[in-house]
1. Evaluate peptide A:259-272: per residue, the Cβ atoms of other protein chains within 10 Å of its Cβ; return the mean as an integer.
2. Over 14 Å, how big is the tail of the calculated P(r) for region B:445-503, in percent of all Cα pairs?
3. Using DSSP, restrict attention to beta bridges with both residues in region B:338-492 and report what percent are antiparallel, rounded to the nearest 5.
4. What's the Kirkwood radius of region A:92-163 in Å, using all Cα pairs?
5. With both bridge residues required to lie in chain B, what share of the DSSP beta bridges run antiparallel, to the nearest 5%?
6. Could you work out, residue by residue across B:348-354, how many beta carbons of other chains sit within 10 Å of that residue's beta carbon, and then give the average as an integer?
7. Measure out, as a whole number of angstrom, how far apart the alpha-carbon centroids of region B:464-517 and region C:44-113 sit.
8. Using the heavy atoms of the protein chains and a 1.4 angstrom probe, tell me the accessible area per residue for the protein assembly as shown in square angstrom.
Amino acid sequence: MLAKYLLRRFAAAIPVILGVTILTFLVMHATAGNYVPGLAYNPDLKPADIARIKANLGLDRPIWLQYVTWLGGMLHGDFGRSLIDGSPVMSHILERLPNTLELTITAILLGVLISIPLGVTGALRRGGKVDNFFTVVSTTGFAIPQFWLGLILILFFSVQLHAWGLPWLPSSGAYAAFGGGDPLDRLLHLIMPAVVLSFFYLSVWSRFVRSSMVEVLSQDYVRTARAKGMAERRVVYLHALRNAVVPLVTLVGLELPALVSGGLVVEVVFGWPGIGRLLYERALQLDYTTVMGITTFAALLVVLGNLVADVLYALLDPRIRYS
Amino acid sequence: MGSSAPDGFDNFERFLKEWSRRDFLRRMGGVVAFGAFTAGGVEFLEACGNGGSSSTQNAPQGKKGGHLVEANISDISSLNSVLSSDTASSQVISMLFEGLLVSKPNGDLVPGLASAMPQVSSDGLTYTFKLRPNLKWSDGQPLTSDDVLFTFNLMFSPDYKDVNSPRRSDLELNLQSITAPDAQTIVFKTKTVWAPFLALHAQREIMPKHVLGSLAAKAINTADFNSAPSASSGAFKFVRWDKGQQVVLARNENYWRGQTYLDQYVIKVVPDQVTLTNQLKTGEVDFGFVDPSLWDSLATVDTIDRLSPFGVPTFTFYAYNLDPAKPAGKLFADKAVRQALLLALDRQAMADRVYFKQATVADSVEPPISWSHTSAKPSYGFDKSKAESMLDAAGWAKGPDGIRAKGGVQMKFNMITNQGNNQRQSLLQIMQQSWADIGVSATPQLIQFPQLVTQITNQRTFDVFLVGFNFTQDPDESQLFASTSANPGGFNGFLFKNPQVDQVLTQAASTLDQGKRKQLYAQFQDLMNDQVPAPILVFNKGLWAVSKRVQGINNTVFGSYNQYGSRSQFFKDVWVTDQK
Amino acid sequence: MIDETLAKIELAPERVAERSERPGRSFWRESLERLSENKMGMAAGGLIALLALIAIGAPLLSALVTHYDPARQDLQNNFAFPGRVHWLGTDELGRDTLTRLIWGARISLGIGFLTVAIQLTFGAAIGLIAGYYGRLVDDVLMRVVDVVLAFPPIFLFIGLSILFRPSTVTLSLIIAFVGWGSVARLVRGEVLSIKNRDFMLATRSIGARDVRLIVGHLLPNSIPVMIVAASLALGQIILIEAALDFLGLGIQPPTASWGNMLTNAQTYFVHSVWLVVFPGVTIFVTVLAANLFGNAVRDAFDPRLR
């Protein structure tokens, strides 16, 4: 039953991916007509050169032909080459993807690690000072523009701390330009972007952990355990927490698509060499092939994520399954 | 970070190319030099060519070892000089390679890989270059005229038409032939007397034939060499490129001027100007261009030296759509209207407030640092009442809603510029306000850069556009103002067609006589100031800051015409005090 | 974005099973009562209402209170410190910050409300139709939703903002376009789970027409889900709009939006740190209030408490 369901969903995913690629293609081509990506706006360029380069790149062929050629390549695993620097799109993606994953996974981990104790404490001491503090923190995280938070952190932890002669954090990049690359250096560069990114997650998840925990704590079996005389600690951590946290896993799983593009603003603010920032920069420069490659890749991940979520959801409620 | 949108094509009025038109004739005076050519020959040329400062001998003794980090807000795209056209790439290319000639900061052309300035035939059509003896690539291979021939053939020979070089049509149009009679000699023949030739093309960095020569034309566009050059002839050699982050270079032991003091040079990509300045302060970065808005804030940082601001041939201008078929064309057809609108702009306030005093109000279409520059007449200050009376006199009376109208047509139009450039954004809004104050309704629109370029060069759907442009050292401005550039795809998107201007421009590019050219360009500038189809608002300045630990980067070796090119020449003598 | 993830989990199916008919009048009354008892929520809601009033009354306020036009430049007075002449200082072109914040409310709140409205309306419509008719209609519609949701949103924003110059209306449409899919999915899920209830079969068997069923029964039953999903939407959309401004894809100057004021200010913060503080705090406070009110609404209308 489940297998059939999965197969159906998988088959349904293919037109989705195709739809994404076609839409991307159309949007890119609808934007600027004779523009050849990568050529600077400078006096060197003569119209004849632009036309010739355009023809060399195959940009003067009919749109449907360009799309079909790209699609054919894609089915062979060849995403083509960037129109701006000529490097294979796949190599761009593979080079930048680990950086993005480093950032988003760290942020997710931070989010989970902070939201659990925060949510649990809030649930255990409902209405108390900690709980109120917790509400403030979680709703705050939801309300701050990411780029503003990033700037403020940079201003303080990078510029101000340095001005005071204290240890300071670097303000851009994944590692130092010279003499960097060691784990400590990478960690220092990772701290601020990961914190900014995780702020959002931990607001959502801590709320969730709290309400989930509150609910579980009022369940019968918890009351039974308490009545049996089990130590409060065991009650909380052994039974309640486990059950409260399991649905959190589902939530985290739903973030799978965001692993690739969710950190975009943070990547731009901190100059993080990730895929989100690459997509943003190249889309603005109309580097069609790179953009197609990244959006297809991201769409594949989204579809995968949805599949995972659907499976989990279906496991929770058999009635929702497709009949 | 407002300006973070990567405007990789010209960032904040970045100066693109380093070509100089200041050739050796200037020092002698045109007529005398011309006579000397026919009489004196090679020896005379060599004396002239080497009369300028030759960098190696004058350099102070420095200490070997250490690294330098420079920053740029764009990443490079290609390290092949034949293919690339953006500033960020040029910068690094000039650290890795050299051309036959290189530029001095003031624009003078001096020998690079060539042993002397070229010998020019009496009819002005043949240029003979001699290479320095015993030149070697960083991988040990000899650098000969084969490499030079190969490089230029990539941009000229029909065999290499599939190579995506943006310089082909210029060479095809003007060059007759290139030959290499022996391993040390290259001969260029032009079709007609072509004054801009040396400035535009003789600085092109030479590419290695032994690496690229075996590739088919199409394959050269995507060669690995372009992102990882395996052989270089400049001060540094390539180590690695971490895409989106930095390019790392190391000393080239085979550089003909001698070995650099620096062990390593890194150019780092930063997200925006604010971060660049922050990193100059924290020391993460040693050297970089500074945004005018942040220039003053670096004055008090005691770990940094600011170079004296110098003029650059970059300018910011706006253009009126002169196409009679377009509605805006009808508004701007009258010269008096164009002049009046310019008079209504307080350009000094723009230079002071938008550029924080780091820009010069333009008094002509040639940059003040150019040898061709004159203070053209008529001149335009800020005169609001004169502007108003000129518009009244031209028949544009203020209507009941305050907007001027003539014959039922209101003076209403839109103005476009690209998103992501703070200065242009501010300028456009100031223009809107200034013109609103005299009854003209101008609406600013910020659009994405590719959109802007397409609308200017192809669709021509604009009323007024505002943009920055980097001209070469050669005063020839046909790309913008000749009627031939008004064809689809050309930069004369505002369709300015003036036979007098055309004639002057053609004449000035067809003679090598500096004195004659200067006269012609003086005429040109007066004509342009009278017609003002595309008034220039300001000329920009180069603002650079360098860490105190760096020695050897100063206003003597670095300036207007070698910001982003010809860098190997002086970087050889740059050293750091801590040798780290 | 509509908070699909939270809604999905908080409406775990076993709780839905208990409902058997449309929310009665007492549900609404009780919910509203619960809402009004939530002091913090009501205060937050009041703040939003106040901001909305300020936004509507912007022309009046700038004429009578601040005496500045939001576009009036004063180059000689740029980067002015907050003081008596300019209560919150001026920006890089000498324009009054307070006035621009007031007018910016029109943009930011306007886009916020409009986007929520479009998203809810369109998304619910699609979700209802897909859920009700099922089979082919459902398949097709949900594939479309999948395509929309599979896009990295940033790409759509870039592409669309190049194609259509950003204005209040186009931005609302663009943001709504990226987000309606979640609403559709949620509503469809609701519809699917109550479609086969007894009362539905009964109503159908007496010959009620489709439209009547959809609008009269399915829609009201879906409203609580929509409310829950939409409760945090306003705040999120304001943040999205600000992020779009930061990326250069949103409202362009000279029109003032909180996001583009903040973005501009970041470049000039060495000249005036106030330029960064005021729009940032404004966005923060507004989104916070929207979130608090949204939380209160959700707590009050939680279908589990019926």
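1. Counting other chains' Cβ atoms within 10 Å and averaging over A:259-272 gives 4.
2. I get 57 percent for the Cα pairs in region B:445-503 exceeding 14 Å.
3. 30
4. 14.8
5. 75
6. Counting Cβ atoms of other protein chains within 10 Å of each residue's Cβ and averaging gives 3.
7. After rounding, the separation between the Cα centres reads 46 Å.
8. Per-residue value: 36 Å².
The values are calculated or read from the model by the stated rules, or taken from the named source; none is laboratory data. Note that the structure is predicted; figures quoted are calculated from it, not measured. Note: ideal-geometry Cβ built from the backbone for every residue, glycine included; neighbour counts use all protein chains shown. All accessible areas refer to the heavy atoms of the entire protein, side chains included, with ligands and DNA or RNA removed. Shrake-Rupley method; radii C 1.70, N 1.55, O 1.52, S 1.80 Å.
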